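These notes are about the structure you will find just below.
The values are calculated or read from the model by the stated rules, or taken from the named source; none is laboratory data. The structure displayed is predicted, hence computed values, not measured ones. So basically every Cβ, Gly included, is an ideal-geometry build from the backbone, and we count neighbours across all protein chains shown.
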Amino acid sequence: MFSITRFADTFAKELRENKRTLLMRVFVMTGIMCLFTLFIVFQQYEKYGTDPDRAADPLWVSMLGLFVWSIIIFGAISASNLMKDMSDRQSRLSTIMYPASQLEKYLARWIIYIPLFLLAALAACFLSDLLRYIICRSVIPGSAVALKLITPSELTDYIEQYEMW
């Protein structure tokens, strides 16, 4: 039987036990996205230059592609860690013997590795876009750079435009 207090305890236990690993993964994901952002900035702004007639940000499509591919790659890595505690005997016994139902254990881990990962990836993308904005405004003063938030309609437009699937 599902109990919200046991679920909250299980969720807190999972966060407490895996806090360092989860934070390291978020920082690595953010760092890799920032490195790719710097690569995109210094490769593509030379090509576009500071065209005064350009009204749109020339790198927005590249940044959206970076976000989509990072969600796919880092999402697969995050989802693969969902059942990592079942990899060796000691952690299997610890997981099985914890006094919570299997649904509560699975739901706590699912919330950590899927929805919270998506929030962390969105924050990492925003930080890398903020880095791009700051660099482009300081290094290339006449560029048409914009700081944008990613919306679901822009994601679907990107996917339809490049027919990724």
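Tabulated data for the structure shown
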{"item": "Scan of the stretch 1-38 for residues that are closer than 16 Å to TYR98 by Cβ, hydroxyl-bearing (Ser, Thr, Tyr) and free of Cβ contacts under 8 Å to residues at least 24 places away in the same chain, ordered by number", "result": "THR5"}
{"item": "Unmet criterion (only one of (1) at pLDDT 90 or above; (2) of a type in the set (A, V, I, L, M); (3) more than 17 Å from the chain's Cα centre (by Cα); (4) crowded, with 16+ Cβ neighbours inside 10 Å) for ILE40", "result": "(1)"}
{"item": "Residue, farthest from ALA121 (Cα to Cα), within the stretch 1-28, restricted to residues that are assigned to a helix (DSSP H, G or I) and hydroxyl-bearing (Ser, Thr, Tyr)", "result": "THR5"}
{"item": "Selected residue [closer than 24 Å to LEU64 by Cβ, of a type in the set (Ser, Thr, Tyr), at pLDDT below 85 and not in a helix (DSSP H, G or I)] from SER138, SER143", "result": "SER143"}
{"item": "Pair list, Cβ < 9 Å and 6+ apart or interchain, from the stretch 59-84 residues that are hydroxyl-bearing (Ser, Thr, Tyr) to residues that are at pLDDT 90 or above and not in a helix (DSSP H, G or I)", "result": "SER78/ILE114"}
{"item": "Any pair with Cβ under 7 angstrom, 6 or more apart, that starts in the stretch 99-125 at a residue that is in a helix (DSSP H, G or I) and ends at one that is modelled with pLDDT of 90 or more and of a type in the set (Asp, Glu)", "result": "ALA108/GLU14; ARG109/GLU14; ILE112/GLU14"}
